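Here's the structure, in structure tokens; my notes come after.
The values are calculated or read from the model by the stated rules, or taken from the named source; none is laboratory data. Just so we're clear, the structure is a prediction, and the values are computed from it rather than from any experiment. Here the Cβ is made from the backbone with ideal geometry for all residues, glycine too, and neighbour counts use every protein chain on show.
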């Protein structure tokens, strides 16, 4: 039996009785399992002509969950970290990367998964398609920024 376990995401070492990484929540692996996982990840990255696109950004836990969804669907992907600020107060942001040709199908699969885990999204989309506020059902114009009845923000304008 191995004397340690390793986090496949952040490479932190743990005692063998610990199951999950305290930092990122990933399941810990033996050194042998970790080596095989890293080789598989490298193989997926090297596959085809890898021109990565970011399909999502978020916490390591959410990116790992989406990584599992995409790989279970046969879509090669990688979770990568973007460094935080230079002062050390900001944590890293994690990105889910896929090859450029897989970008659209990965995005669609993630949207499907979000509807699977949050079925209320489908109901909200139905109300929006009918020209109604998804929160209160009040009739709103297609170009409305806020619902005049409940105040829900319907359109986010980025400047």
Among (1) under 14 Å from the mean Cα position of the chain (by Cα); (2) under 23 Å from residue 60 (Cβ atoms), there is one condition residue 108 misses while meeting the rest; what is its number? (2)
Inside segment 1-35, can you point out the residues that are under 16 Å from residue 78 (Cα atoms) and loosely packed, with under 13 Cβ neighbours inside 10 Å? 11
All positions within segment 4-46 that are part of a helix (DSSP H, G or I) and at pLDDT 80 or above: 31, 32, 33, 34, 35, 36, 37, 38, 39
Determine whether residue 64 is farther than 21 Å from residue 24 by Cα and at pLDDT 90 or above. no
Which of the residues spanning segment 136-151 are modelled with pLDDT of 90 or more and not in a strand (DSSP E or B)? 136, 137, 138, 140, 147, 148, 149, 150, 151
Search result, residues across segment 123-135 that are in a loop (DSSP other than H, G, I, E, B) and more than 15 Å from residue 155 (Cβ to Cβ): 130
